[in-house]
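We did not get these values from a lab; they are worked out from the coordinates using the rules stated. Since the model is a prediction, treat every value here as computed from it, not as a measurement. Cβ: placed from backbone, ideal geometry, glycine included. Neighbour counts: every protein chain shown.
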Amino acid sequence: MVIVIVMFLLVMIILGLSAYLFCMKQELKRVTNSIQKMKKSDSNLLLHQTVPSKELRNLVLEMNEFYQELKEKEILLERQNQSVKKVMMNISHDLRTPLTSALGYIDMMLNSDLPKEEKEKELKIIEERLKKLEELISSFFDFQQILLKREQVIKKEENIIAILEEAIASFYEDYQREKRQILFSKDIQKIQVLTNRKLLTRIFDNLIGNALKHGEGDLKITISKRKRIQIIFQNELKENHLEVDRIFEEFYTEDISRTKGGTGLGLAIVKEFTEQLDGTIVAKKGKGDLKMILEFLDTIKK
């Protein structure tokens with residue numbers, strides 16, 4: 001009798017396991033078919049589980065996470081492709097505009113009897129156009145170097161306030177011509193940090209220049225030292241529809257920048273150089289104003 005019961009239980013177990021294995025086989029076949037459909041479709045459908053199994057649940061969760069990450073990368077890549085197409089058209093326009101203008105003034109000087117004063121005026125305009133062309137080419141070259149060649153940054157002890165003051169001084173006349181000012185405030189006279197002067201100067205130049213091109217009113221710059229060194233650049237916005245969460249993207253431009261010869265590279269370079277110096281930068285848009293907040297570690301403790 002006992003042997004019969006044992007045999008019956010064994011048969012039931014075998015039948016149960018066979019049924020479970022059959023269900024699992026069908027479930028795996030269904031999951032495989034779903035994956036094949038997902039590969040051929042642009043939908044956001046995800047895998048789901050019909051047979052209770054911890055291992056299968058983990059597999060489905062991992063596959064869904066992988067699929068979502070893949071879709072996000074595809075979306076990002078497509079957006080970047082569209083941005084690159086747009087910026088290539090913008091680059092063509094940006095480079096051609098100052099060059100065409102300069103050539104036009106040169107032709108005018110060569111083929112007309114202008115008085116000396118007028119020729120000097122035209123030469124000044126040509127100089128400005130060529131400087132603009134040089135600035136654009138420099139931005140493209142710098143960004144290309146960032147993408148293709150990431151060398152180790154050599155740092156040494158520098159006074160960050162002195163570097164910032166030099167950058168401010170270099171823009172003094174530009175702001176004066178726009179009847180604007182750079183208002184600089186600090187709570188300390190000297191802050192020594194381990195940094196790279198060239199990269200830090202470029203960061204400051206791009207931020208001050210960006211505020212000049214796309215901002216209004218005075219530029220307020222404040223620097224303070226607490227647990228971290230914080231530098232805030234604040235100015236009024238000409239246009240309030242700026243997508244602040246995209247402002248540091250490569251090639252991101254607003255229509256307002258097209259009239260200013262913008263390439264969308266200046267702030268992308270700022271972010272890259274800031275991170276190379278182990279710092280952070282964020283943009284915050286308020287009611288009609290924009291703040292760029294730079295932070296660096298106090299690398300030299302006194």
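Key figures
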{"item": "Net charge contributed by nearby residues that have their C-beta within less than 15 Å of Asn111 (K/R +1, D/E -1)", "result": "-3"}
{"item": "Segments 116-123, 269-276, 156-163 sorted - mean Cβ within 10 Å per residue, highest first", "result": "269-276, 156-163, 116-123"}
{"item": "For Lys238, distant residues with modelled amide H under 5 Å away", "result": "Glu216"}
{"item": "Pairwise FRET efficiency - Ile75 versus Thr32, Cβ, R0 = 22 Å, nearest 0.05", "result": "0.30"}
{"item": "Distance (nanometres) between label positions extended 7 Å along Cα→Cβ at Met109 and Arg177", "result": "1.7"}
{"item": "Per-peptide average of other Cβ atoms within 10 Å, ordering 189-199, 61-71 highest first", "result": "189-199, 61-71"}
{"item": "Virtual spin-label span in nm between Glu120 and Glu275, 7 Å along Cα→Cβ", "result": "5.0"}
